[in-house]
Amino acid sequence: MSSRVHACEHTVGVAAPAGVVYGMLADAVRWPVFLPSVVHVERLDFDGVQERLRMWELADDAADADADAADDADAPAAAGAGAGAGAGAGGVGGVLGGRVGSWYARRVLHPDVRAVVFEQEDAVWPGSVTSGVWSVRPAGEAECVLGLRQECGLPVAAADGARREAEADVHRRLAQVRRAAGWWERLDELLLSFEDRVRIEGPAELVYDFLYRIGEWPGRVPHVERAGVREDVPGIQVVSLDSCAAPGGRTVSTRAVRLCFPHAGRIVYKETLTSGLIAAHSGEWSLLPDASGVTVVAAHQVMLRQEAVGRVLGAGTGLLEARDHVRAWLSRASTETLGLAKWHAESTVRRLR
């Protein structure tokens, strides 16, 4: 099929210093907590200037739908399960599992001129390349102009529709970065990262199997009431979860995408539907085996929703109290799950003996 290169470029004003916006663009590994459409970014190589990344991203309609639902919700989202995404419609091109796209990207960072040059290759259709550059230009002490130029090969037979989609993609990416950068003055208070660990005297394979089989958690994990799982592509789970892990025992529903790497002993996830106090939540279950067992780590990256603090926790409640509150109940849920994974692995070993 013949194709034609289409270039589009747009700019948008951002209410944040140029240095802050450039730093956000350069730190791609943290994009899952900043940008709604990004599920996970794996840095494969980096020398301080050039890097190679593997990225997983939600299809446009899925990201937009879940973002809208999160903005409308008013209950705290359950977490710790690292689960929850409703099934989407089938996709084309690099869309995996119905709603998740996977890409390889090469990037060159230019901090002196605040630019990031990139070349992105579809992991499903090698040879389909999108290239471009992010640029940030100061427009005052606390304002800047953010630009994005993209070039991609579009099929001639569908040029008009594909061109509109490419233009919409640029506008969507600019809007996501502008929105995230708007929180710059309070990012230190809104962001929190923490992890819980448990030591297990049992094989890593049994522990991973317990964490992977999230569809079996109802009846195994007390705070999980219902779990729905789709895995159209091996290793990409789209999960919906009803849980009573939130304070007060109220049942809430969450959605997430889980990327499973059995050979590495890792499951990373991005909640695509959050509510209440949480604006974004991503995390990872990771297994660290040794000679006699395994240490399992549940890591969390959270962005708080500042405007919901008073509504959920009461008037006059500050971000410090909200941070403690969110950390406590996320940690409680993940620790309970880790404890049950420990019981599953160790009791199975005892029975085999």
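The values are calculated or read from the model by the stated rules, or taken from the named source; none is laboratory data. Everything numeric in this text was worked out from a predicted model, so none of it was measured. Backbone-built Cβ (ideal geometry, glycine too); neighbour counts: all protein chains shown. Accessible surface is based on the protein model in full, side chains and every heavy atom, while ligands, DNA and RNA are left aside. Shrake-Rupley method; radii C 1.70, N 1.55, O 1.52, S 1.80 Å.
Distance between the 7 Å Cα→Cβ label points at residue 327 and residue 113: 4.2 nm.
With R₀ fixed at 56 Å, the C-beta to C-beta distance from residue 290 to residue 320 puts the FRET efficiency at about 0.90. Using the 1.4 Å probe convention, the accessible area of the range 205-333 works out to 40 Å² per residue with neighbouring protein chains retained. Take the range 172-232, drop everything but the C-alpha atoms, weight them equally and run the Debye formula without solvent; then report log10 I(q)/I(0) at 0.12, 0.15, 0.29, 0.30 Å⁻¹ to two decimals. Taken in order of the listed q values, log10 I(q)/I(0) reads -0.65, -0.81, -1.23, -1.26. As a calculated quantity, the FRET efficiency between residue 307 and residue 149 at R0 = 45 Å, using C-beta atoms, amounts to about 0.85. Per-residue extension of 0.36 nm, minus the Cα-Cα distance of residue 233 and residue 45, leaves a gain of 65.1 nm for this segment. Basic side chains Lys and Arg get +1 at the Cβ, acidic Asp and Glu get -1 at the Cβ, and with that the dipole of the range 234-353 about its Cα centre reaches some 240 debye. Projecting the Cα atoms of 338, 304, 314 onto the charge dipole of the range 303-353, computed from C-beta unit charges around the Cα centre, puts 338 farthest toward the positive end.
Can you work out the FRET efficiency for the pair residue 4 and residue 167, with r the C-beta to C-beta distance and R0 = 22 Å, to the nearest 0.05? Mind dumping the intermediate values first?
Values: r = 15 Å, r/R0 = 0.67.
It comes to 0.90.
For the range 241-343, the relative contact order is 19 percent, taking Cα pairs closer than 8 Å that sit 6 or more residues apart in sequence and dividing their mean separation by the residue count. Taking amide hydrogens as placed 1.01 Å from N in the peptide plane, the amide H of residue 202 sits under 5 Å from those of 294, each at least 5 positions away in sequence or on another chain. In this structure, the amide hydrogen of residue 305, modeled 1.01 Å from its nitrogen in the peptide plane, lies closer than 5 angstrom to those of 278, 279, counting only residues at least 5 positions away or on a different chain. Other residues within the sphere of radius under 14 Å centred on the Cβ of residue 228, judged by their own Cβ, net out at 0 (K and R +1, D and E -1). Derived scalar couplings between HN and Hα for the range 306-312 equal 4, 5, 9, 4, x, 5, 8 Hz in order, rounded to whole Hz, by the Karplus curve 6.51 cos²θ - 1.76 cosθ + 1.60 (θ = phi - 60°), x for Gly and Pro.
At a 1.4 Å probe, what is the % contribution of carbon and sulfur to the accessible area of the range 273-353? Answer for the range 273-353: carbon and sulfur cover 55 percent of the accessible area.
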